[in-house]
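These notes are about the structure you will find just below.
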Amino acid sequence: MYEDDAHAHDAQDADDGHGDVARRGESMPEESDSVMPSPEPEPARIEALARANMVAFAAELVARGCAAEGLVDPDAAEEDDEGRPEYRLFAVRPHADMEHWIAMPGVELAVVRAAEPNGPWSIECDTDSYAWADLVEELAEEAIGVVAFARNLALFRSELARRGLVLRDEEVNVDVDACGGGYEAFKLRTPAGVVRLHVPDREVGPGSRAEVFVNGHGYVYEQAIEAVIDAATPASSA
């Protein structure tokens with residue numbers, strides 16, 4: 001009998017403690033399948049990831065034709081102006097005459113590349129949200145367009161000078177309000193008055209079929225030169 005009582009006592013002692021809890025009127029904690037939230041990332045890690053992402057973004061711009069020199073300084077990260085701890089701001093210059101501010105998330109590159117516009121971890125440019133690939137394309141095309149505008153205008157001025165119409169720098173002004181749609185607008189101050197010239201962001205020149213606009217009328221390159229000369233000649237304007 002004593003042996004049976006000892007076994008019973010040992011079995012009670014071997015209990016997992018549930019009995020004691022029940023006797024105290026306490027409930028057992030329930031097991032949960034929920035995942036505890038990850039701790040907040042450290043600022044140093046956020047900044048390191050944001051800088052690495054910015055380097056990768058700049059490399060894609062260079063691959064699309066942007067100049068590497070002066071493009072971005074990945075070490076010049078700034079705090080996000082909206083107070084988001086996971087983002088860093090970078091000044092990006094796809095062209096010497098362009099500057100944009102990019103808000104780059106300090107998370108893994110694959111996450112930022114896959115983010116949708118206005119979705120979690122999307123890249124932002126001048127406060128607008130983008131998909132990664134779309135922003136690369138837009139900035140690269142803008143930079144290439146600036147180069148094309150300058151080249152096309154120089155070509156026009158050179159040919160006009162060869163034909164006797166020399167335009168000084170102060171006589172050629174950008175018409176900001178008329179720019180857009182892949183065209184840069186200029187006001188040319190000529191002896192007969194202002195001539196409005198729209199040049200495209202793609203190559204123009206002899207044999208090119210790209211359309212150039214002179215005073216609102218479309219021409220190919222050779223015709224556009226003639227139209228400017230005619231409009232700039234006082235006798236023709238009378």
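Structure summary
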quantity: Listing of strands (runs of 3 or more DSSP E) fully contained in region 118-219 that carry 1 or more residues being over 17 Å from Ala231 (Cβ atoms) and acidic (Asp, Glu); calculated: 123-125, 128-130, 183-190
quantity: Residue in region 159-182 that is over 20 Å from Met98 (Cβ atoms) and in contact with a Gly (Cβ under 6 Å, 6 or more places away or on another chain) present; calculated: no
quantity: Residues of region 52-86 that turn out to be in contact (Cβ under 8 Å) with a residue 40 or more places away in the chain, open to solvent by 10 Å² or more (accessible area, probe 1.4 Å) and in contact with a strand residue (DSSP E or B) (Cβ under 9 Å, 6 or more places away or on another chain), as a count; calculated: 2
quantity: Exclusive hit being touching a residue at least 12 places away in the same chain (Cβ under 8 Å) and surrounded by fewer than 19 Cβ atoms within 10 Å (Cβ to Cβ), set Ala148, Ala91; calculated: Ala91
quantity: Some residue of region 41-49 being open to solvent by 50 Å² or more (accessible area, probe 1.4 Å) and either in a loop (DSSP other than H, G, I, E, B) or in contact with a Leu (Cβ under 9 Å, 6 or more places away or on another chain) (or both); calculated: yes
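The values are calculated or read from the model by the stated rules, or taken from the named source; none is laboratory data. Not measured: the values here are computed from a predicted model. We place every Cβ from the backbone using ideal geometry, glycine too, and count neighbours over all the protein chains shown. Remember, those area values only see protein heavy atoms, side chains included, never the ligands or the DNA or RNA. Shrake-Rupley method; radii C 1.70, N 1.55, O 1.52, S 1.80 Å.
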